[in-house]
Amino acid sequence: MDDKLERVLGRLDMMHGGTLGEKMGIELTEVTAERVVGRMPVDGNTQPFGLLHGGASVVLAESLGSVAAMMHAGEGKIAVGIEINATHHRAARSGFVTGTASALSLGKTLATYDVLITDDAGNRVCTSRITCLIRPTPPGA
């Protein structure tokens, strides 16, 4: 495993216990600064009608984009989301949804990603865009 990836994932593991991503069952399957892929179960992340909650799709998108931005930021820096939007295209009722965050722009202070979320059949469920601000790691963090 790449040293940079190990350091970033190690930092994320330290923060993982009790996080929203953990509660929602998000699993990362591919991680680079240019592309992060992860999946999340529909079960447990639904609204009252049994459909995947739109907010759950946004949490998945922000999680994947933030991890990618952390990879881009590198050692001694953090990435924080400053803008996200989402368009919900179709419902998911079961199985998993998979998100793929792809870099649009990787700068010194901003990183922007398109996130495509699909269901198990490959149907587009949601399209999102996230922009993260890259900052120095605060003292004591």
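Filter segment 37-65 for residues that are hydroxyl-bearing (Ser, Thr, Tyr) and buried (at least 18 other Cβ atoms within 10 Å of the Cβ); which is farthest from LEU20 (Cα to Cα)?
Ranking the candidates gives SER57 first.
Can you pull out every residue in segment 89-125 that is exposed (fewer than 15 other Cβ atoms within 10 Å of the Cβ), under 30 Å from GLN47 (Cα atoms) and hydrophobic (A, V, I, L, M, F, W, C)?
Of everything in segment 89-125, just one residue is exposed (fewer than 15 other Cβ atoms within 10 Å of the Cβ), under 30 Å from GLN47 (Cα atoms) and hydrophobic (A, V, I, L, M, F, W, C), namely ALA121.
Only one of (1) in contact with a helix residue (DSSP H, G or I) (Cβ under 8 Å, 6 or more places away or on another chain); (2) surrounded by fewer than 21 Cβ atoms within 10 Å (Cβ to Cβ); (3) at pLDDT below 95; (4) not polar (S, T, N, Q) is not met by GLY21, so which one is it?
Answer for GLY21: the failing condition is (2).
Hey, among the residues in segment 126-141 that are farther than 30 Å from VAL97 by Cα and at pLDDT 95 or above, which one's surrounded by the fewest Cβ atoms within 10 Å (Cβ to Cβ)?
Checking each candidate, the answer is PRO136.
Taking strands (runs of 3 or more DSSP E) that fall entirely within segment 49-141, which contain at least 2 residues that are among the charged types (D, E, K, R) and at negative phi? Full working, then the answer.
Values: elements: 77-88, 96-106, 110-118, 124-136.
Output list reads 77-88, 124-136.
Cβ-Cβ distance below 8 Å, separation of 6 or more or different chains: which pairs start in segment 46-63 with a residue that is closer than 14 Å to SER94 by Cα and end on one that is of a type in the set (Val, Ile, Thr) and surrounded by 20 or more Cβ atoms within 10 Å (Cβ to Cβ)?
LEU52/VAL42; LEU52/VAL97; LEU52/VAL125; SER57/VAL97; SER57/ILE117; SER57/VAL125
The values are calculated or read from the model by the stated rules, or taken from the named source; none is laboratory data. What you are looking at is a predicted structure, and each value in this text was computed from that prediction instead of being measured. Cβ: placed from backbone, ideal geometry, glycine included. Neighbour counts: every protein chain shown.
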